[in-house]
1. In this structure, does residue 110 turn out to be open to solvent by 60 Å² or more (accessible area, probe 1.4 Å) and either part of a helix (DSSP H, G or I) or at pLDDT below 85 (or both)?
2. So, residue 83, is that one at pLDDT below 90 and either open to solvent by less than 60 Å² (accessible area, probe 1.4 Å) or within 24 Å of the chain's Cα centre (by Cα) (or both) or not?
3. May I ask you to say which residue of 184, 161 is open to solvent by 60 Å² or more (accessible area, probe 1.4 Å) and within 19 Å of residue 64 (Cα to Cα)?
4. Run down 172, 126, 168 and say which single residue is hydroxyl-bearing (Ser, Thr, Tyr), touching a helix residue (DSSP H, G or I) at 6+ places or on another chain (Cβ under 7 Å) and farther than 15 Å from residue 67 by Cβ.
5. Quickly run through the range 208-248 and pick out the residues that are in contact with a helix residue (DSSP H, G or I) (Cβ under 7 Å, 6 or more places away or on another chain) and in a loop (DSSP other than H, G, I, E, B).
6. Can you tell me which residues in the range 130-154 are in a loop (DSSP other than H, G, I, E, B) and open to solvent by less than 30 Å² (accessible area, probe 1.4 Å)?
7. Do you know which residues across the range 198-227 are loosely packed, with under 12 Cβ neighbours inside 10 Å and without any contact (Cβ under 8 Å) to a residue 24 or more places away in the chain?
8. On the given criteria, is residue 179 surrounded by 11 or more Cβ atoms within 10 Å (Cβ to Cβ), at pLDDT 80 or above and in a loop (DSSP other than H, G, I, E, B)?
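The values are calculated or read from the model by the stated rules, or taken from the named source; none is laboratory data. These figures come from a predicted structure and were not determined experimentally. Cβ placement follows ideal geometry from the backbone for every residue including glycine, while neighbour counts extend to all protein chains displayed. To get the accessible areas, we keep the full protein, side chains included, count just its heavy atoms, and leave off ligands, DNA and RNA. Shrake-Rupley method; radii C 1.70, N 1.55, O 1.52, S 1.80 Å.
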Amino acid sequence: MDGAAVACLLFAACWLLAMPRRFHATLRIGGTQRGATSEHVPIRWRPPVRVDRHDIPLFVHQLTGLLQAGRTPLQLWGDALGGSKVSSSNGSSRNGFSAAARPVLEAAHQAAVLGLSVPHVLRNASVTTKEPAMRDLWADLASCLEVADRSGAPLAGVLARYAVQCESQLDSDAARDTALAGPRATVRLLSWLPLFGLGVGYLIGVDPLAVLLGSIPGVAALCAGVVLMIAGRIWSRRLVQAAAGDAS
């Protein structure tokens, strides 16, 4: 019974440790929200909303559509600001993006009304914004405005090409994440396979820890196994990060 209990604990530990991080985060958020709602946090509390990168090409397409409909650059930012306010008040899925973009759109609209440089406002926003996706958006929009102003190319055409580029980047990122899902799962499984092996040993009636800790060769094998397991985990993770393009 002792061996079976230890084996069950090891299997439970392997299952918990091998679960995806997203599931752990869901459990923590759900537990915190349920526990805190009744005592500390108001019922209307909502988790912070992050910017969805898929909203960026939609926003650029919106700007392109406004220009193609005959709106002038002076009217463009006011119409975009009005659209973000309506989207936020309706509680749509773009609420996070609208909240992040609204201050910059207000500044761009004021600059356009006063005859100031809108690209300068957007570049300042790209420096002060904390969200990486929004920083890239404001910097790229400033570049699009400058290119259209200096070359005389229609701004709608420049923005349309930029929106297509954003969509292509999102598609390539999604394809890369899909291709790396298998290697990530394999790394996670192989990392905790030794614990699974210990559980199997207890189930078949062997005491693996007594064998490993009962002699000097056993202790040496245990230490070598732990070191190799940690080294393999680090190496495999770096290989996956390098393939994903975000290796440090």
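1. Details: open to solvent by 60 Å² or more (accessible area, probe 1.4 Å): yes; either part of a helix (DSSP H, G or I) or at pLDDT below 85 (or both): yes.
Spelling it out, residue 110 is indeed open to solvent by 60 Å² or more (accessible area, probe 1.4 Å) and either part of a helix (DSSP H, G or I) or at pLDDT below 85 (or both).
2. Values: at pLDDT below 90: yes; either open to solvent by less than 60 Å² (accessible area, probe 1.4 Å) or within 24 Å of the chain's Cα centre (by Cα) (or both): yes.
When the stated conditions are applied, residue 83 passes them.
3. Working: 184 fails: within 19 Å of residue 64 (Cα to Cα).
Residue meeting the stated conditions: 161.
4. On the way: 172 fails: touching a helix residue (DSSP H, G or I) at 6+ places or on another chain (Cβ under 7 Å); 168 fails: touching a helix residue (DSSP H, G or I) at 6+ places or on another chain (Cβ under 7 Å).
Among 172, 126, 168, only 126 is hydroxyl-bearing (Ser, Thr, Tyr), touching a helix residue (DSSP H, G or I) at 6+ places or on another chain (Cβ under 7 Å) and farther than 15 Å from residue 67 by Cβ.
5. 247
6. Initially, the range 130-154 is screened for residues in a loop (DSSP other than H, G, I, E, B), giving 130-131, 152-154.
Selection gives nothing.
7. Step one: list which residues in the range 198-227 are loosely packed, with under 12 Cβ neighbours inside 10 Å, which gives 204-205, 210, 213-217, 220, 223-224, 226-227.
The answer is 204, 210, 213, 214, 215, 216, 217, 220, 223, 224, 226, 227.
8. On the way: surrounded by 11 or more Cβ atoms within 10 Å (Cβ to Cβ): yes; at pLDDT 80 or above: yes; in a loop (DSSP other than H, G, I, E, B): no.
For residue 179, the condition - surrounded by 11 or more Cβ atoms within 10 Å (Cβ to Cβ), at pLDDT 80 or above and in a loop (DSSP other than H, G, I, E, B) - is not met.
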